[in-house]
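Data block below; observations after.
Nothing in this text is a laboratory measurement; each read-out follows from the coordinates by a stated rule. Model, not experiment: these values are computed from the prediction. All Cβ positions, even for glycine, are placed from backbone atoms using ideal geometry, and neighbour counts span all protein chains on display.
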Amino acid sequence: MQMQLLYAAPYIGASTGGLAKDVPGLCAEMARRGHQVTLFALDDCGSAEERNGRELAASRDGYAMRHFRPLGGWRAFRRWGASPGYIAGMRSAVPNADIIHVYSVYNFSSWLAATSARQASVPYVLEPHGCFDDFVYRHHAARKRLYEIAFVRNNLRKASAVRFLTEMEAQTAARNCGGGLRGIVVPTGIDVEEMTREAISCDLRAYGVEERYRKQLIVFVGRLHRKKGIDLLARAFAEVAARNPLAFLMVVGPDEGMRSEVETILRSARVHDRAVFTGMLTGQAKTALMASARAIAVPSYGENFCNVVIEALALRVPVVITDRVALYPEVAAAGAGLVVGLDERELAQAIARLLADPACAQRMGEKGRSLVEAKFTWKAVGAQMEEAYLRVLGAQTLAAQRESASAR
């Protein structure tokens, strides 16, 4: 059965983390499966060339992509992303869709898409994208409660399905939202072939890193935000580096307020000369650096999924992650890395173990690649989402038949 699928996303530029790949990846896979796919996205304020590039890439992948510019003005209003063009486009497209897949909850595009779907009696799948994670949920808590009462709660309760990426995310959301959600668990995917192509040899000297550190390299990829646990990693690395003169830390990602604190920790421990901050890297540059690591550290205080984990495993690089990263049960069961609590000593011990035992790291990396190939390719994810959409349509048809019978 061919479906008309409409995806409604907020900003999906490079600065939006997982959404930048998750949304186009799923759109391309569903188009490959023979469905008609359209993606609505707010303009991420990038250049016209970047927007045109994304639209051309979408066309090559078999789906249509439309950008809409939000209104300017007050900063908080701009971040919400209200857009007259989005309103007109959504009203025109919704009645022709079989299912609408709505990303995120705290923005204009998600509110409008869900509301428009309900008004047109079109089923919709809502994806919170980690919005109900404990760490995130406590941030601006009062403001979020008011917004939920006004805009979110109705959208959640009346969604045909709420997609979560892991069981942990589903359980956390149910606790924070009071239950009553039609939850489904379908992970996001990754293009394993693309990752493999981009895993070329990395010239560490380009980052000011001597070649002698290559085999003892720990890499962190993510925003330098407190949620990401970079302060925890800095203290753990200081302990490791005090015992291992070749241990080296590379921090990849934009600063969101933590770089100064991390540098202070490293400087106090006198290991700042064995750490490099690259800033944000994307594409082949990021992949090549990740592939050069002995291990990828993900010391986060909370993650509903974490694309960096499956990217590392696809590259056959083991991970050291906290038990607040929702993928940790899969990593532990597969033996694809080491799981620790929110404790700098546990983290230091895990890192030291992988640096000291290259054979162990290699075995874990191979197991990680097998895990990704089994569960996290776009083909595997697309099959699950297609089945979920068909179940939603089946339930919608059954409900309509029952309503018609009751009217008679």
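Which angle from 0 to 90°, rounded to the nearest 10, does the C-alpha axis of helix 230-243 make with the longest principal axis of the chain? Around 20 degrees separate the two axes. Taking every alpha-carbon pair under 8 Å whose residues sit at least 6 apart, segment 192-375 reaches a relative contact order of 24 percent. Taking the Cα centre of the chain as origin and assigning +1 to Lys and Arg Cβ atoms and -1 to Asp and Glu Cβ atoms, the resulting dipole is close to 780 debye.
Using the Cβ-Cβ distance between residue 121 and residue 60 with R0 set to 30 Å, the FRET efficiency from 1/(1 + (r/R0)^6) comes to roughly 0.35.
Only helical DSSP H runs with n ≥ 4 go in: add -39500 (n - 2.57) per run for the chain, normalise by residue count and round the 222 nm mean residue ellipticity to 500 deg cm²/dmol.
Working: 18 runs with 199 residues, N = 408.
The per-residue figure over the chain is -15000 deg cm²/dmol.
The dipole here belongs to segment 192-375: it is taken about the Cα centre, uses +1 on the Cβ of Lys and Arg and -1 on the Cβ of Asp and Glu, and is about 320 debye. I want to make sure I understand the PRE zone here: with the label point 7 angstrom from the Cα of residue 193 toward its beta carbon, which residues in segment 32-62 have backbone N atoms less than 19 Å away? In segment 32-62, the label zone of residue 193 (backbone N under 19 Å from the point 7 Å along Cα→Cβ) covers 32-35, 57-62. Scanning residues 5 or more positions from residue 183 or on other chains, those with amide H under 5 Å from its amide H are 162, with H placed 1.01 Å from N in the peptide plane.
Assuming R0 = 22 Å, what is the FRET efficiency of residue 226 and residue 353, from their Cβ-Cβ distance, to the nearest 0.05? Computed FRET efficiency for residue 226 and residue 353 comes out at 0.25. Which of rounded, prolate, oblate describes segment 192-375, given a ≥ b ≥ c as roots of the alpha-carbon gyration tensor eigenvalues and a/c under 1.5 marking rounded, otherwise prolate only if a/b is larger than b/c? It is rounded, given that a/c, with a ≥ b ≥ c, falls under 1.5. For the residue pairs 228/379; 215/367; 215/286; 286/375; 158/227, alpha carbon separations beyond 27 Å are given by 228/379; 158/227.
I want the local charge near residue 115. Using Cβ-Cβ distances under 12 Å, sum +1 for each Lys or Arg and -1 for each Asp or Glu among the other residues. Provide the component values of the computation, followed by the final result.
Details: positive: 91, 118, 158; negative: none.
Local net charge: +3.
Label-to-label distance for residue 268 and residue 212 is 2.9 nm, based on points extended 7 Å past Cα in the beta-carbon direction. Across segment 266-369, C-alpha contacts under 8 Å between residues 6 or more apart give a mean separation that, scaled by the residue count, equals a relative contact order of 26 percent. The value of relative contact order for the chain, using C-alpha pairs under 8 Å at least six residues apart, is 13 percent.
Projecting the Cα atoms of 336, 370, 347 onto the charge dipole of the chain, computed from C-beta unit charges around the Cα centre, puts 347 farthest toward the positive end. Tally Lys/Arg at +1 and Asp/Glu at -1 over every other residue whose Cβ is under 12 Å from the Cβ of residue 224; what's the total? Cβ neighbours under 12 Å give a net charge of 0.
A crude spin-label estimate for the pair residue 32 and residue 342, with each label 7 Å from Cα along the Cβ direction, gives 3.8 nm. Shown in residue order for segment 248-262 are the 3J(HN,Hα) couplings computed by the Karplus curve 6.51 cos²θ - 1.76 cosθ + 1.60 at θ = phi - 60°: 9, 10, 10, 10, 10, x, x, 6, 10, x, 10, 4, 4, 5, 5 Hz (x for Gly and Pro). In this structure, the amide hydrogen of residue 68, modeled 1.01 Å from its nitrogen in the peptide plane, lies closer than 5 angstrom to those of 41, 42, 43, counting only residues at least 5 positions away or on a different chain.
Take the Cα of residue 201, step 7 Å along the line toward its Cβ, and report every residue of segment 279-299 whose backbone nitrogen sits under 19 Å from that point. Residues passing the 19 Å test: 284-294. Taking amide H as placed 1.01 Å from N in the peptide plane, the amide H of residue 342 sits under 5 Å from that of 323, each at least 5 places away or on another chain.
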